[in-house]
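**Student:** Next up is a structure, given as structure tokens.
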Amino acid sequence: MATITNLSAGNIVVPLSSIIDQLRGKLTSAEIDNLLAALIAQRKSQVLPGDLITADLMNQILQDIQDLNTQIAQLVGGTTPSTTNSQAVAAFTDAWKAYGTLVKNGDFLPTGVSADAIKSAVEITAYLQDVMYAALSGSTLAYGGAPNVLLDGFAQIYARQHDIVVLFTAPIAGISDTTEHRQFSTLLNIGLEQDTALGEISLKKAIDNQNLPSAIAAQNRINAMVRNQGGDVTTGNLEITYKGAVGTTETLVIGSTQPVLYRFNIANKTNRNVDVQLKAEFLPPRQTWTQLSIVGLDGIALSHLQFSAFDPSKPSDPSSNQEVRVSVMTPAGAADGDSGVLQLTASVPDPINRKASASRQLVVAKSATTQTPGVLAFSTGTPIISSDISNATVMMPITLAFEFNFSALQGPSTRNFRFRLDITAPANPDPLFFIEFAPAEAAIDGSASTATKKMSQQLPMTDGSKRTVTVSVTPLAGSKNSSLTFTATVESATDGIKAQSQAFTIAVKN
């Protein structure tokens, strides 16, 4: 006889196991399994007495609370992106979303519908939601909490995440192969307990040391790992292109009382909506040149930009592309002929963690010089070198990937360019080094090249485009203890605008 528990008049609870017992012999095992699966997956729009409160319903409630917290914070003034509180809010919110994605996707849940599998599904979901609850609580406190309060919040989310490590490390009933669970627990435990190779401390150590910025950074690293596990991977990067000066000159004229406006285009090429932080500066040794600011086309100062995710079908969509200007006054005390490198950097913090920059060398002079009809510039970080050029090995190629961009300014929007290496040593490198350019369309043009000048085929580029030419250098037999020194140059065949790299030396030691 089925056991019936009377709660109150008109309300009864019948255990699911008793219902299944009554159905045996009337339904097949497959039909019972399908019924169980349907019951577990059923969504509810309202809760009646005796109903099961599902994970989906709780997630909806928690999301509404999170949205309400955000609205309240905005009403009371919120926080700015630069404050520790807002950084903590972002870290807790990202943790909420990352673990929420795991719950929503049903990650780590058993595929069967046995009693053990159902019990484990409920337990795994509850453990993941415990982290979400801790993140929700932490984000609420972070809007105005003191550092010790925020550290308590991170201690709570640490404890809930550690619970998942323990759960996933042990055998799980109803799941025969827990390899995926153990791999996730290993990665999670690393973020919780181990410092990184770069010296960034773990979440546990940050909490023990009362180091709030490090706790935020550690949780952000964990969030990125969890997002990847949930298939919520960030792709693409930010891009910045220098577009020349507004007006006729780039020169910083001595005695001028008017700033020069230098144009940069910033593009979000990631798959996410982002808040891009902006920074303009002169690089050493001109870091004392500080009379500069970032402004929009309307002249209003900017510190950040909101961008929509990149849509490949709309590459020029203004919601993910925008021009900004860096307004620069002639530095006080600068002399005729002085120069400095102006750099604009755009960045998105963890867990998205994207960064890009573009630079331009500017000259101080007594009078203005008309700017060139276009701009060629090597990208920041170019070239990417495959191995140590100071310790090359015979018959082992070394590659250097040079990325460069083109802005037309007032000249033709499409032009032909050549990439070349100018070799200063040795006088005849061909017997000692085999040099190639890639891709195929940039291959060395034998008719235009010499032993000490390696010239590519013509490369068409349009306004705003980028190209990469990879140089491959293979030290040949007999090259040991010799070296190859060169510079890389990209030059327009139309009007002579060009960009030149620093000198590189490949030394063969083995």
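The values are calculated or read from the model by the stated rules, or taken from the named source; none is laboratory data. What you are looking at is a predicted structure, and each value in this text was computed from that prediction instead of being measured. Cβ placement follows ideal geometry from the backbone for every residue including glycine, while neighbour counts extend to all protein chains displayed. Heavy atoms of the whole protein, side chains included, go into the accessibility calculation; ligands, DNA and RNA do not. Shrake-Rupley method; radii C 1.70, N 1.55, O 1.52, S 1.80 Å.
**Student:** Considering segment 377-427 alone, what residues qualify as being assigned to a loop (DSSP other than H, G, I, E, B), aliphatic (A, V, I, L, M) and either open to solvent by less than 20 Å² (accessible area, probe 1.4 Å) or free of Cβ contacts under 8 Å to residues at least 24 places away in the same chain (or both)?
**Tutor:** Within segment 377-427, Ala408 is the sole residue that qualifies.
**Student:** Continuing with the same structure: Would you check which residues across segment 246-266 are in contact with an Asp or Glu (Cβ under 7 Å, 6 or more places away or on another chain) and open to solvent by 50 Å² or more (accessible area, probe 1.4 Å) and list them?
**Tutor:** Those that are in contact with an Asp or Glu (Cβ under 7 Å, 6 or more places away or on another chain) and open to solvent by 50 Å² or more (accessible area, probe 1.4 Å): Ile254, Arg263.
**Student:** For Val326, are the conditions met, namely being open to solvent by less than 40 Å² (accessible area, probe 1.4 Å) and at pLDDT 95 or above?
**Tutor:** Here the answer is yes, as Val326 does meet what is asked.
**Student:** Of these, Asp116, Asp130, Asp177, which one is surrounded by 15 or more Cβ atoms within 10 Å (Cβ to Cβ) and modelled with pLDDT of 90 or more?
**Tutor:** Only one candidate passes the filter, namely Asp130.
**Student:** If you don't mind, another one. With respect to Leu342, determine if the residue is of a type in the set (A, V, I, L, M), more than 21 Å from the chain's Cα centre (by Cα) and open to solvent by less than 40 Å² (accessible area, probe 1.4 Å).
**Tutor:** In short, yes.
**Student:** Still on this structure: Please enumerate the residues belonging to segment 316-355 that are more than 24 Å from Thr249 (Cβ to Cβ) and out of contact with any strand residue (DSSP E or B) (no Cβ under 8 Å at 6 or more places or on another chain).
**Tutor:** Those that are more than 24 Å from Thr249 (Cβ to Cβ) and out of contact with any strand residue (DSSP E or B) (no Cβ under 8 Å at 6 or more places or on another chain): Ser316, Asp317, Pro318, Asp350, Pro351, Asn353.
**Student:** If Ala332 satisfies every condition in (1) surrounded by 13 or more Cβ atoms within 10 Å (Cβ to Cβ); (2) of a type outside the set (Ser, Thr, Tyr); (3) in a loop (DSSP other than H, G, I, E, B) but one, which is the exception?
**Tutor:** Ala332 satisfies every listed condition except (1).
**Student:** Residues that are within 20 Å of Phe406 (Cβ to Cβ) and open to solvent by 30 Å² or more (accessible area, probe 1.4 Å), at least 1 per element: which strands (runs of 3 or more DSSP E) completely within segment 429-487 meet that?
**Tutor:** 433-438, 459-462, 466-475
**Student:** Taking the condition of being within 21 Å of the chain's Cα centre (by Cα), modelled with pLDDT of 90 or more and open to solvent by less than 50 Å² (accessible area, probe 1.4 Å), how many residues in segment 355-376 meet it?
**Tutor:** Residues that pass the stated criteria total 2.
**Student:** Sort through Ile352, Ile294, Ile254, Ile300 and tell me the only one that's free of Cβ contacts under 8 Å to residues at least 24 places away in the same chain and out of contact with any helix residue (DSSP H, G or I) (no Cβ under 7 Å at 6 or more places or on another chain).
**Tutor:** Going through Ile352, Ile294, Ile254, Ile300 in turn, just one is free of Cβ contacts under 8 Å to residues at least 24 places away in the same chain and out of contact with any helix residue (DSSP H, G or I) (no Cβ under 7 Å at 6 or more places or on another chain): Ile300.
**Student:** What number of residues in segment 231-288 are of a type in the set (Asp, Glu) and over 29 Å from Gln306 (Cβ atoms)?
**Tutor:** Of the residues in segment 231-288, 1 are of a type in the set (Asp, Glu) and over 29 Å from Gln306 (Cβ atoms).
**Student:** Could you list, in sequence order, all residues of segment 183-199 that are surrounded by fewer than 13 Cβ atoms within 10 Å (Cβ to Cβ) and either over 24 Å from the mean Cα position of the chain (by Cα) or not hydrophobic (A, V, I, L, M, F, W, C) (or both)?
**Tutor:** Gln183, Thr186, Gly199
**Student:** Would you point out the residue of segment 211-226, among those that are polar (S, T, N, Q) and open to solvent by 10 Å² or more (accessible area, probe 1.4 Å), that is nearest to the chain's Cα centre (by Cα)?
**Tutor:** Checking each candidate, the answer is Asn220.
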